[in-house]
1. I need the phi-derived Karplus couplings for region B:660-677: 6.51 cos²θ - 1.76 cosθ + 1.60, θ = phi - 60°, integer Hz, Gly and Pro marked x.
2. Rank the residues A:I133, B:I150 as a footprinting-exposure proxy: fewest other Cβ atoms within 10 Å of their Cβ go first.
3. Please arrange B:R218, B:R58, A:R162 by how many other C-beta atoms lie within 10 Å of their C-beta, fewest to most.
4. Residues with amide H under 5 Å of A:D94's amide H, sequence separation 5 or more or different chain, H placed in the peptide plane at 1.01 Å from N; which?
5. For region B:64-121, what's the radius of gyration and Dmax over Cα atoms, in angstrom?
6. Need one number: convex hull volume per residue for region A:137-244, Cα atoms only, in Å³.
7. Please list the radius of gyration and Dmax for chain B, considering alpha-carbon atoms only, with Å as the unit.
8. When the Cα centres of region B:461-531 and region A:51-118 are compared, how far apart do they sit, in Å?
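Computed from the coordinates by the stated procedures, all read-outs in this text should not be read as laboratory data. Since the structure is predicted, the reported quantities are computational estimates derived from the model, not experimental observations. With ideal geometry, Cβ positions are generated from the backbone for all residues, glycine too; neighbour counts draw on all protein chains shown.
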Amino acid sequence: MIRHWRTFFVVSLALVSAGCARKPGPASALKPAGFGAALVESSGGKQMGATGTVLPQPLVVQVNDDQGNAVTGALVEFNGPAGVSFDPPSGLTDSSGQLSTNVDLGSMAGRYQLTAHTSTKAQKSVELKTEEIALGYQQQLGFQLDNKYCARCHNPESTPERVSNYDNLEVKPHPFTEGDTLNKMSDAELTALISHGGPALNKSALMPPYAYTLSKTEIEALIAYIRLISDPPSPHASGMVYAQK
Amino acid sequence: MQSSENKLSSLWQTLFGHPVRAFGVVSLLLLIALAIAPAKNYFSEWRHYQKQYLALIRGRGEAVTLQRHFHDGIQQIWLPQFGVVDRCTTCHAGLKEASLADVSTQPFRQHPVIPHTLDQFGCVMCHRGQGPATTVEEAHRSTLAWEQPILPARYVQSSCGQCHRAPLTGTPQLNLGRNLLGRYGCVHCHTVKLPDGSAIQPTDDPPSLQHIADKTTREWIYAWLKDPQAYAVTATMPNFKLSDPDARDISAFVISSSTPLARDTAPAPKNQKTPDPTAGASLYGESFCSSCHAVQNAAGNVVGGDVGPELTRVGTKVKREWLRAWLRNPRVYDSGTAMPHYRFTDPQLSLLTSFLGNKTDSDFLANVHLDATTPEQIAHGKLLVTEYGCASCHEINGIKKPDNFAPELTRIGSKPLTQIIFLPGMTHALPDYIAAKIRQPRSFGAALKMPQFSLAPAQVDALTTALLALTDRAHDLPLALTVRAKPPSNYQPAGKAGQLMADMACFTCHAINGRGGDLAPDLTWEGSSVQRPWLLAFLKNPGTLRPALIRRMPRFNISDDDAKELTDYIMTVYQTPAFDRDSMPDSGYPPAQVEQGRQLFYSKYACQSCHIVDTKVDKGYIGPTLTQVGSRLTAPWIYHWLKDPQAMRPGAIEPNRNMNDDDARALTAFLMMQKSSGKQGAKK
């Protein structure tokens, strides 16, 4: 009787531990058919997307050998901070040496540093870092306002829909990505500049005041957006900002 | 058997053999039973999270403040007006703590900044889920008793749409989704009633097929039915996945049901020489056809507007004589078309007809070989047209528009999961069902009639978001708690001018009194804004006001009488009640005031950053050129515009400068002196 109990116990323990053991992930199931020496980004870096949604473009990376030729069948794995998910999280490069993945940055606004890595034949790890930006509600609103009111002067790039006025201005405005200048200004200073115009801070009169056009909430949203996209990253930005730590 | 019975009886003896011992054992059992409830409470999930939260804040700089904000026990937000009881903040303890901005672990994250506060709206209004639940599982996922799981973050804008009927700047996805419901014609088949009782109206204007044989061939219809996007990548017509014989029979029926249109009889003049293709291209450009029509260029990019159909392969589609008649006056074929009547001359018609007619693609019809139509094919085609509900969108001779052809979607956002048949392997949640249904309707059954739309993933998400907003809550909220959209306007200008405006399709681009497009400025108060001679000249020959714009007012070649008629109507009817057009003079301002205005223009207000007054010095490229503004605008309009641009035209991007009266008057004086050279000469 007792022996029976013991066998039952041992068998059930074995069953439970087998069930608890981590199932092998699909990543390790993939056998690389090729090995490269370098990993480069083809497209999909530096994108902006709303939190909770998949980034507009997939992230595409390419594995090259030491001659710079594309490597087919190399294993690439993608990693990111908590909340970021990749579809697929890993895979083998196609005939042009590329692997494409759809990125969801999760539900928290911020700048995310993503890494892709592959191994060389000598099992040495090769890494590629890219950066993506997730816009929360506030930053998304700021982005819309930037498009409507600011970008024509502050963004030097013209688009088919909108000709940039940047080159026509005698005193050049600061593009919103210009972290070197904008990060030195406090939120209060930026608010004053947007609300009361350039002369309020002894800057160019070409910058008009927006206090009577934009609401306080809208100006806050604009600043939250500027803080998030600045390069180098701003110490004032809210949310996950990898470079602060 | 015997031994176990013995064991039991001996156990009974040990426990209850003696009355005192029995009493002790029973008391002990009772005590344990009584302790279960408090123990369950003590070991509950939410207490575990509260302990974790306390451990998290203990190590932080702002520990004292955070500790003071923290309340032990179950927390609850009760909003009787919405029927909301939320206990989410029991575990989500840090939602209001700005100092937790860097914490990424749930459930302790700070809530991102939004326009509403937690105390006013609670959590489930936006995130759905079960507010009163106190376990993770019951609060977030659907259970047998409760159907509503947490809404995935990608659709969260749908919750804004429950109360906000008008578009919001902060919800681009919801706005796009609502727009697509009309633009892709979803609401032709599916009725979507809004809480105010009105229904969403389609905006895609599918063509009538009553005279289709005049316009195109049976072969083109066949190929189009088989794959609309092969003809035009931007086509909104969905793919019905028709078999070859079905497409053959429908094309046979559609052609046979078409009646010839009483055409205007002006014959096409015999052309001796073939028109110059470059002249055709430049007429296409000068007429700003690309403001509304797109063409796919060699690189595969679709360039141009999306008001009218894409014209990349139009020569393969339409018959030349139809095209010529259409260009001469589109309203003969389709009285309600958004296309303006351009009043082209005969040589211009020949140029454009030849230019567009040459936009062909021989591949598109290369494999289409149809035999002569038989009566059986026509009968079968008619049956198919009825079955597929073609007449929900298109007017077809002999077929009545079906009512409620597809299920009504008025409350789709609250559809009970028990009424949904999910596909194997699919997440059992409403958003996933709606998205899958939009993405691939026929995956739910090959016999389903809903066609395959070609939508980008972002468009599918946007449509899902817009549909998820149509909840019971959205419909049952008291109207006072909703933000209503402006009611759609069916404004119709009167008389001869009204006919002219319909003929030139002014409302395709301009809005007046709440009706019309947003490609061009709102004209509701145009009569207070501009001077009569300028308007008359502009209607005859529109010049460029904003050099940076790609879309511009085309020239409609209207007669002097028509231009005068329109000008009179606009000047008389489209006046603002805010001021009198003649309250300030057009000229004769004192030189000192003009000079003061010049200085204000260039220094204090730095208007030259966006506008040009002196073409030699100024470069501003955003606002309209002001070199001749004194001959174009009225003085009181300029004055009031300077005081508050958004009051004159809602949504204007010129910032409100909070200008004082003196400055506004001086700037008005300076700007009114910027006359067109012709007029200035005449004055002197």
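1. Running phi through 6.51 cos²θ - 1.76 cosθ + 1.60 with θ = phi - 60° gives 7, 4, 4, 4, 4, 5, 5, 5, 4, 4, 4, 5, 5, 7, 7, 9, 5, 4 Hz.
2. With the sparsest Cβ surroundings first, the list reads B:I150, A:I133.
3. B:R58, A:R162, B:R218
4. Those lying under 5 Å, H to H, from A:D94 are A:G73, A:L99.
5. Over region B:64-121's Cα set, Rg and Dmax evaluate to 12.0, 35 Å.
6. Expressed per residue, the convex hull around the Cα atoms of region A:137-244 is 106 Å³.
7. Radius of gyration, then largest Cα-Cα span, for chain B: 34.7, 131 Å.
8. One Cα centre to the other: 44 Å.
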